[in-house]
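Have a look at the structure below, then the notes.
The values are calculated or read from the model by the stated rules, or taken from the named source; none is laboratory data. Because the structure is predicted, anything quoted here is derived from the model rather than measured. Please note: Cβ atoms are built from the backbone with ideal geometry, for glycine as well, and neighbour counts cover all protein chains shown. Each accessible area value is taken on the protein alone, full model and side chains, heavy atoms only, with ligands, DNA and RNA left out. Shrake-Rupley method; radii C 1.70, N 1.55, O 1.52, S 1.80 Å.
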Amino acid sequence: MTKLEEIVKRQKQGAKFVLSFQMLGMDVETFDTVAQTWLEHGGPGFEAAGVPFRKVIDGEFLIARLTVVKTAED
C-alpha cells in the first residue's frame, strides 16, 4: 500500500486533513504536479478543500501542502 493510501485510509469519512510533499516522500515539484491534478479532478478517496499552501522555489510558486476532505468510505 502506498503512503497516500495509508494516510487516506486512517481518516474518517468527511475528515479534513493535510497532505504535503514531505509526508508522501516526494520532491516539491512532483507534489505540485500531482496536487494540481487533485485540485481539478479530486484524488483517490478525497477532494481538495481550501487554498493550497505554496512555496517559492527558484522564483516559482509550487504547491507544498494541500488540505483535503475524505470522500470515500473504506
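Residue count for segment 1-21, restricted to those that are surrounded by 12 or more Cβ atoms within 10 Å (Cβ to Cβ) and assigned to a loop (DSSP other than H, G, I, E, B): 3.
Whenever a residue of segment 6-34 is more than 18 Å from Val69 (Cβ to Cβ) and in contact (Cβ under 8 Å) with a residue 60 or more places away in the chain, it has no partner that is among the aliphatic types (A, V, I, L, M) and open to solvent by 20 Å² or more (accessible area, probe 1.4 Å) lying with C-beta atoms less than 9 angstrom away and at least six residues away or across chains.
Restricting segment 38-74 to residues that are β-branched (Val, Ile, Thr) and over 21 Å from Gly25 (Cβ atoms) leaves a set whose member that is surrounded by the most Cβ atoms within 10 Å (Cβ to Cβ) is Val69. For segment 14-34, a residue qualifies if it is farther than 16 Å from Thr2 by Cα and among the hydrophobic types (A, V, I, L, M, F, W, C), and the qualifying residues are Ala15, Phe17, Val18, Val28.
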